[in-house]
Amino acid sequence: TYLVLDSIRNQTQDALKEQFAFDVLMGFSAPSKYLPSKYFYDAKGSKLFEQITGLEEYYPTRCEFEILSKVGSELAEFIQDKPFEIVELGAGDGCKTKVLLSKLLESTDAFSYIPIDISESAMADLIVSLKQSHPTLTTHGIVGDYFASIRHLENTSDNRKLVLLLGSNIGNFDFPSAKRFLHSIWKCLNHNDLLLIGFDLKKDIDVLTRAYNDKKGVTRAFNLNVLTRINNELDGEFDLNRFSHHGMYNPRHGAMESYLVSLEQQEVHIGALEKTFEFNPYEAIHLELSHKYLLSDMQKMANETGFNVLKNWQDSQGYFADGLWQV
Ligand code: AVI
């Protein structure tokens, strides 16, 4: 079973919809239009993201899988005190985490696993598949966003914790927000608690560009799904054929940026907002930032948010890194 965090449960569907409507209103009224990337992850978006993680061009998941398959036993050495909790923020389908859990279980079974994810359907699937793959593991899933995750960390027992923030999820925050988020994790943890955090590393720009512009068009569908959500949930009238997906690397910011670009002058009505928004030809909606890091950027981020870096692991291509940070 899994728990839908109170913060989500207490808000009626209507309130969530109102928040979505408000965020769309803010994003489309801004001088440069944008939408927050958390709206990618409804049931369909989470499935599309799972598909992305299996794409040939999308290397991060494969690289981190390689790292986690190697580090499991080493990681067990850092966790001497029993019992402990593994809390994963943004667990998704848990595919990479399962390999880590299996490796840890070879050394100890004195831990429970607490995956947290914004998508209720992804959580339901994860709990079912964990029952099959790891039947003896104590698991408590929680549905909630990152801020709910922080509240969970604040309110849990004094058990030793290992927090997982994998898949370069931290890359989707801008730097000030990433620092604030990591520092708030640090504040919730006790001395010696651990954070295993994944970073996508800076690399050849063509490799990056391909990863966010796959041939099968899954990333395109992932981005366009946000407009489908507005159509379905907010009574929007977007014609998806009138927007194109644009994923590009910004070397000044060291980040992949995704946009939907309006292919023509158009007006789009959104029923729930009782408002029509105008899109100029080639006007962009900014959807996502995906920062790429150097090992020195990771070190800096750890220092600035209170953590000590115990260890860094990289995949064999040097594309991705996981850092083990300690409070
Ligand atoms: C979830 N996150 C780390 C992914 C990334 O690479 O920034 C989301 C994604 N967007 C397009 N492809 C994958």
Report task. Please verify whether the stretch 68-78 includes one or more residues that are within 16 Å of the ligand (Cβ to nearest atom) and either over 15 Å from L194 (Cβ atoms) or surrounded by 23 or more Cβ atoms within 10 Å (Cβ to Cβ) (or both). Result -> yes
Requested in this report: With respect to S177, determine if the residue is among the polar types (S, T, N, Q) and in contact (Cβ under 8 Å) with a residue 24 or more places away in the chain.
Outcome: no
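Yes or no, residue by residue, for (1) buried (at least 18 other Cβ atoms within 10 Å of the Cβ); (2) among the basic types (K, R); (3) farther than 28 Å from N190 by Cβ; (4) in contact with an Asp or Glu (Cβ under 8 Å, 6 or more places away or on another chain):
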{"site": "F279", "(1), (2), (3), (4)": "yes, no, yes, yes"}
{"site": "Y293", "(1), (2), (3), (4)": "yes, no, no, yes"}
{"site": "N303", "(1), (2), (3), (4)": "no, no, no, no"}
{"site": "W313", "(1), (2), (3), (4)": "yes, no, no, yes"}
**Report entry** Selection count, the stretch 197-210, where residues are in contact (Cβ under 8 Å) with a residue 60 or more places away in the chain and away from the ligand (no atom under 15 Å from the Cβ)
**Finding:** 0
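Quick one: which of I230, I205, I197 is farther than 18 Å from K33 by Cα, modelled with pLDDT of 95 or more and in contact with a Gly (Cβ under 8 Å, 6 or more places away or on another chain)?
Numbers: I230 fails: farther than 18 Å from K33 by Cα; I205 fails: in contact with a Gly (Cβ under 8 Å, 6 or more places away or on another chain).
So the residue among I230, I205, I197 that is farther than 18 Å from K33 by Cα, modelled with pLDDT of 95 or more and in contact with a Gly (Cβ under 8 Å, 6 or more places away or on another chain) is I197.
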Query - helices (runs of 4 or more DSSP H) enclosed by the stretch 164-237 - at least 2 residues per element that are surrounded by fewer than 22 Cβ atoms within 10 Å (Cβ to Cβ) and under 15 Å from the mean Cα position of the chain (by Cα) - result: 175-188
Query - Count of residues meeting criterion [more than 16 Å from the ligand (Cβ to nearest atom) and either free of Cβ contacts under 8 Å to residues at least 60 places away in the same chain or within 30 Å of L310 (Cβ to Cβ) (or both)] in the stretch 280-296 - result: 6
Report summary line: Restricted to the stretch 30-50 and to residues being of a type outside the set (G, A, S) and within 10 Å of the ligand (Cβ to nearest atom), the residue farthest from the chain's Cα centre (by Cα) is L48
**Report entry** Qualifying residues in the stretch 15-43 (those that are in a loop (DSSP other than H, G, I, E, B) and modelled with pLDDT of 95 or more) - the one surrounded by the most Cβ atoms within 10 Å (Cβ to Cβ)
**Finding:** L35
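The values are calculated or read from the model by the stated rules, or taken from the named source; none is laboratory data. Just so it is clear, the structure is predicted and the values come from calculations on it, not from any experiment. Here the Cβ is made from the backbone with ideal geometry for all residues, glycine too, and neighbour counts use every protein chain on show.
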